[in-house]
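Have a look at the structure below, then the notes.
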Amino acid sequence: MSDWRRVKKLVTENWQGTRLRYAVVVLILVLGSALAVLDPILYGKMVDVIVDALRDQHPETIVNGVAVLLALWIGVFVINVTLNIVGRYIFWKANNILGLNFACSAVRDMLSWSRQRFSRLSTGRTVKVFDQAWEALFWVPGDIVEQVIPTVLTFTAVVIAGLILDWRLTIASLIMLPIAIWLGYYGWKKARPKQEQLDHRWAALSRHVGESIGNISVVQDYAQEDRRARTFASLMRQVVVRQLRMNVFWALFHGTGSTLTLLGRAAVFIVGVYLVANGSTTLGTLITFLGMLNYLLSPIQHVIGNSLPRMSMGVSHLRLYTDLADEINDLKERDDAVPLKKIVGDVELKGVHFTYGDQSRATLLGIDLTIPAGTSCALVGPSGAGKSTLVKLINRTIDPTRGCVHVDGKDHCLYTLTSLRRHIGVVTQDTYLFHDTILNNVKFVKPNATEREVVHACKMAQAHDYIRRLPNGYRSIVGERGVKLSGGERQRIALARIFLADPPILVLDESTSALDSETEHRIQQTLKEVMKGRTSILIAHRLSTVYLADQIAVMERGKIVDIGTHDELIKKGGLYDRLWSLQSDGYIS
Ligand code: ATP
């Protein structure tokens, strides 16, 4: 898709509430352009009245003759200024609405992307690209409406008025126009790819900063501050050098535009003086033309010198964004998806295959697994076997490349994503917390929960005692990603969330791995209670936490290699038996 098509698509997708406003702005601009032409005409007429009166030796007629023209001139000026203020207000309002519409829909869209898609992106870069696109969507249509359209309109009005007044001076005024158009085209073509390369470098820089801050503990723990800072400096230098080259290019461009303007004025002046001297035009007409040139050349100079560089940058930013956003959504909700209201909790995976986009080897190979409602199923097996990937398929944060997942006997793709996920509570080995209070972090899954409910959930998760001991209790801020809490404390907040959400299907992926043995034991007792009557899927390397599950699926290299109860699997003597023996030799009594 061409650059302008992309801009048009983004604008038209987000222009609800702006179209009428932009139309009014264009109307005001048309009026403004017409009035702008009147200004030098009236000015020229006044000069002619004075020159005629002096030539006829009737200076007393000057005041009468000029008074009406002066009044008109002031009137035109006042109307023009008023229109300008009103037009600008409507224009900025429309621009703000466009930016707002875009930002809201872009964030909503981004939040629906699959995990797989996010795993290909870096947060720093994505935020930068989004930020720049939002700004660009503010400037690009803005420059078109505020600069390009008025320039075209004024140009048309000036040419019409000029042809009526004196066609020879009109041609002299336009003599530099073809060169100016060519210059604009050349500048655009030359700058666009350079700007795009520059934008990629800016985005890489943001990724570097985002990663350094996001991984600050590993950077500091391994004393890599200097190296990261040096890499940043080198990336920044490359960006600055390119940015400077770009600035020099546009400065030269601006200078060339100014020179063309000067040459245009000179042409009109030379031709005008010649025509006045041989009496074929009046001095007033020449002054009118010189005045009109201001209205004609200044906007052209502005478009070339300011709008083109800004639009080139803006279009490049929008392209970067659309490259990111227009990637085919690998997690699309069906158009006829219906909300999933109540569920019993049967889960079934039928011939499920899955491959992460950037991998040649499949991660899951033909998984068939039935988990009847209200029962528990444990997934065990070596690291990298595909256990976490399998559970991501159940709540549809990724979709199978082949096969399907059924909930209560129906393909879960038939349901809307949010309604499906509301019925499935997931606690993973990594706990994600917001830079907010503990209370709000727990309430995140149920915003209308009362404080009593939150406290109850935290008690169940063995978190209440440590929360109470914090200086601000439930109102303590946990820091970004919960950095102010220990791993075990964070994990208990995640468990409190799931107890509060009370979903019919539970997924516990190493949900107690960060806890000390005593706390883990207490939570396991609570979990046993919570799991009663619920469909539960458990993942754990510590087999002592899962051996009581109704069925245990043993996974290896993307396949279920064995399935049964603990006793059955021990009797069979396969991989599970080996893992169990290894662990019971160590810490299982
Ligand atoms: P563990 O017990 O260590 O948590 P697991 O059995 O849960 O491991 P998964 O996390 O499902 O294993 O990973 C299975 C395979 O898929 C691994 O080889 C891993 O490298 C790969 N993988 C996981 N996530 C991604 C991703 N986002 N993109 C590409 N490959 C991935």
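Read the figures in this text as sums done on the coordinates, not as results from a lab. All values reported here derive from a predicted model rather than from experimental measurement. Every residue, glycine among them, receives a Cβ derived from its backbone with ideal geometry; neighbour counts consider all protein chains shown.
Can you give me the pair-distance distribution of segment 127-229, C-alpha pairs, 10 Å bins, whole percents?
Distribution as computed: 12, 23, 22, 16, 12, 8, 5, 2 percent.
Looking at the calculated P(r) for segment 463-564, what percent of the C-alpha pair distances fall above 19 Å?
Cα-Cα pairs of segment 463-564 separated by over 19 Å account for 49 percent.
Find the Rg to Rh ratio for segment 147-190, where Rh is the Kirkwood radius over alpha-carbon pairs and Rg uses the same atoms.
A ratio of 1.07.
Would you mind checking Lys350/Lys559; Lys392/Lys572; Lys392/Lys571; Lys443/Lys484 for any pair whose Cα atoms are more than 22 angstrom apart?
Beyond 22 Å: Lys392/Lys572; Lys392/Lys571.
How far, in nm, would the chain grow between Ile570 and Ser280 when pulled straight, counting 0.36 nm per residue and subtracting the alpha carbon separation?
Gain on stretching Ile570 to Ser280: 93.2 nm.
Sketch the reach of a paramagnetic label on Phe118 as a point 7 Å from Cα along Cα-to-Cβ, and name the residues of segment 364-402 whose backbone nitrogen lies under 16 Å away.
Answer for this model: 389, 391-399.
Want the number for Glu529 to Val273: 0.36 nm per residue separation, take away the alpha-carbon distance, what's left?
Value of the extension gain: 82.2 nm.
Can you order the peptides 260-267, 521-528, 223-230 by their average number of other Cβ atoms within 10 Å per residue, highest first?
So the peptides 260-267, 521-528, 223-230, ranked by packing, come out 260-267, 521-528, 223-230.
Given that compact globular proteins tend to follow 2.2 N^0.38 Å, what is the ratio of the alpha-carbon Rg of segment 213-258 to that value?
Scaled against compact globular proteins, the figure is 1.90.
Arrange the peptides 290-296, 328-334, 271-277, 435-441 so that the one whose residues have, on average, the most other Cβ atoms within 10 Å appears first.
290-296, 435-441, 271-277, 328-334
If you take the C-alpha gyration tensor of segment 1-89, multiply each eigenvalue by 5 and take the square root, what semi-axes do you get, largest first, in whole Å?
Taking √(5λ) for each Cα gyration eigenvalue gives 45, 14, 6 Å.
Eight or more residues apart or on different chains, and alpha-carbon atoms under 28 Å: count the Lys pairs in segment 3-325 matching that.
Taking the Cα cut-off of 28 Å, the pair count is 14.
Based solely on C-alpha atoms, express the radius of gyration and the Dmax of segment 225-337 in angstrom.
25.4, 82
Just to verify a number: FRET efficiency for Val68 and Tyr89, C-beta to C-beta distance, R0 = 25 Å, to 0.05?
About 0.20, to the nearest 0.05.
If you bin the C-alpha pair distances of segment 412-477 every 5 Å from 0, what whole percents do you get?
P(r) over segment 412-477, rounded to whole percents: 4, 15, 21, 25, 16, 9, 6, 3, 1, 0.
Take the alpha-carbon positions of segment 402-516, form their convex hull, and give its projected area averaged over all directions (one quarter of the hull surface) in nm².
Taking a quarter of the hull surface, the average projection is 8.2 nm².
How big is the chain in terms of Cα radius of gyration and Dmax, in angstroms?
For the chain, the Cα radius of gyration and maximum Cα-Cα distance read 35.5, 126 Å.
Name the aspartates and glutamates eligible as straight-distance cross-link partners of Lys446: C-alpha to C-alpha under 19 Å, and not fewer than 8 places from it in the same chain.
In chain and number order, the partners are Asp436, Asp502.
Rg and Dmax of segment 3-325, using alpha carbons, in Å: what are they?
Values for segment 3-325 (Cα only, Rg and Dmax): 26.1, 94 Å.
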